[in-house]
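Working notes, beginning with the structure itself.
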Protein chains: 2
Amino acid sequence: MAAPSLDFWLEFASTYSYLAAIRIGPLAAAADVKVRFRPFLLGPIFAAQGWTTSPFNLFAAKGRNMWRDLERTCADLGLPFRRPEPFPQSSVLAARIALVGLGAPWGEDFCRATYRAEFAEGRRIDDPETIRGILSGLNADPGAVMAEAQSAAIKDKLRAETAEAQNLGIFGAPSFITPDRELFWGNDRLETALGWAKRTP
Amino acid sequence: MAAPSLDFWLEFASTYSYLAAIRIGPLAAAADVKVRFRPFLLGPIFAAQGWTTSPFNLFAAKGRNMWRDLERTCADLGLPFRRPEPFPQSSVLAARIALVGLGAPWGEDFCRATYRAEFAEGRRIDDPETIRGILSGLNADPGAVMAEAQSAAIKDKLRAETAEAQNLGIFGAPSFITPDRELFWGNDRLETALGWAKRTP
C-alpha cells in the first residue's frame, strides 16, 4: 500500500501560505503523510474572476482583519512576522525557482527560506538579489538555477501547474488536495487535510 | 472584576454562523465567558462593496468549496446538514424576531432553532410560518412577537446594529468581538476569540 500523500498548493505572495509552509513539515511527518509542494500562481485565477489584485487589497475590512489575524496567529505560533511592502509581491520568479528546486534536494528549503525572507525579514522576493542570496545559502548555484528558471520548460511548467490548480477548483492559497481529489482551503484546514489523507491513501 | 465577555455577531443567512451558534454555548460555558448574541444583516455590508449576493454565489469555486467544507465539518461535529434552497435566504424577519427574543428568555433558543430549521431541516426562514412554528415551540406568543418584530423600534434597532457591525470593521459572519475591540472572523476563530476574551475581561 502506498504511503498516504497530500499535495500542498502554495503561492509565494500568499500570507497564509507562509504559515502552512512552515507548519506542514513536522505535522506531515508526525502524521506519516508524504507531502508534495506544488507552487502555482493565483494571479491568473484571480484575474479570471475579475480581480486585479489580492482580495485583501480589494476589500479593505477583510484586508485589515487578515493582517491582524496573521499577526496574532504568528504570535501564537512563535513565528516572526513583518508585513511585506509592497503587498502582494510578484511571485513569478520565486515560483519558477521553486519548480527547479523541487527536482533537487533544496526545493522545500528554498520555499521556506523565501517565505521567511518575505514575511519575517521584510525582504522583496521579486528582487533577483534576494533569490540569489537564498540560493547561495542553500549551496545551489545561483547563476545556473536562475538560467534554468527562465527556460521555456520551466515557464511552461508553471503555466501548466497554474492551469491544473484552476481545473482542480483551487481559488486561493494555501490549498491541500488528497489523492481522491478532496480540496481543503487555507492554513486552518492543514490538520484536517492531513487527517483525510491518512484515511484515503 | 467583570466576567470575561464576547460579542457574537451572527447573520441568519450565514452558513458558518450555524456552526458557531450551535457550538458557542458549551464552549463559552467551559471557558467561563459571557456571550452576547448580536444579530445583524450582511446584505448592506456586502452591497457597500458592490456585491449583490453572497460571495459564495458570486465566486463559483469558492462556493463549491464552502458547501463541501460545511458538509465535512458538520460530519466531524456530528451535526445534521442539509443545503438550503434557495441560498441565501432573506434573514430580515429572523433577525428582527431574534432582537425581540434576546430581550426575553427565549432569544438564544430561537437563534439555534432558526439555524437548525434552515441548515438541518431544509425549511425556509423567510417564510413567516416557519418562524411562527419556532416561536410556538419556544412557548412565545407568535402573534405578539411578530407584531413587535415589525415595530419601528425593532426595525431601527436592526439597522443600528448593522451600522455598528460595519463601524466595528465586520465584513462577514460569524464574527466575534472582545471588549477591547479585537475582531475575530469565522467559526474557525471561535476558540481563539474565547481565549482572547478570557485574557482581557
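The values are calculated or read from the model by the stated rules, or taken from the named source; none is laboratory data. All of these numbers come straight from a predicted model, not from anything done at the bench. Reconstructed Cβ throughout: ideal geometry from the backbone, glycine too, with neighbour counts over all protein chains shown. Calculation scope for accessible area: heavy atoms of the full protein, side chains included, ligands and nucleic acids excluded. Shrake-Rupley method; radii C 1.70, N 1.55, O 1.52, S 1.80 Å.
Remarks
- Considering only A:149, A:12, A:77, the residue lying farthest towards the positive end of the dipole of chain A is A:77, judged by Cα position with unit charges set on Cβ.
- Tail beyond 28 Å, pair distance distribution of the protein assembly as shown (Cα, percent): 52 percent
- Estimated FRET transfer efficiency (residue B:71, residue A:109; beta-carbon r; R0 51 Å; 0.05): 0.85
- Take every DSSP beta bridge whose two residues both sit in chain B; close to 50 percent of them are antiparallel.
- Coil-residue trypsin sites (Lys or Arg not before Pro) of segment B:158-201, DSSP, other Cβ within 10 Å capped at 15: B:181
- For residue B:96, the solvent-accessible surface computed with a 1.4 Å probe is close to 50 Å², ligands and nucleic acids excluded.
- FRET efficiency, residue B:83 to residue A:159 (Cβ-Cβ, R0 51 Å, nearest 0.05): 0.90
- Interface A:B - total buried accessible surface [probe 1.4 Å, Å², rounded to 100]: 2000 Å²
- Portion, in percent, of the accessible area of segment A:100-201 that falls on carbon or sulfur, probe 1.4 Å: 48 percent
- The average projected area of chain A, computed from the convex hull of its Cα atoms over all directions, is 11.2 nm².
- On the beta carbon distance between residue B:64 and residue A:151, with R0 = 45 Å, the FRET formula returns roughly 0.80.
- The length gained on full extension between residue A:2 and residue A:47, counted as 0.36 nm times the residue separation minus their Cα-Cα distance, comes to 12.5 nm.
- Rolling a 1.4 Å probe across the protein heavy atoms gives segment B:17-149 an accessible surface of 43 Å² per residue.
- Its alpha carbons considered, segment B:1-52 gives a radius of gyration followed by a Dmax of 13.8, 45 Å.
- Cα-based Rg / Dmax (Å) for segment A:84-189: 14.4, 40
- Our coupling estimate for segment B:188-198, obtained by passing each phi through the Karplus curve with A = 6.51, B = -1.76, C = 1.60 and θ = phi - 60°, is 5, 9, 4, 5, 5, 5, 4, x, 5, 4, 5 Hz, Gly and Pro reported as x.
- Comparing B:62, B:155, B:34 in a Gaussian network model of chain B where C-alpha atoms under 10 Å apart are linked, the largest mean-square fluctuation is found at B:62.
- Note on segment A:109-157: Cα convex hull, mean projected area over all directions, 3.5 nm².
- Kirkwood Rh (inverse of mean 1/r, distinct Cα pairs), segment B:49-129, angstrom: 14.1 Å
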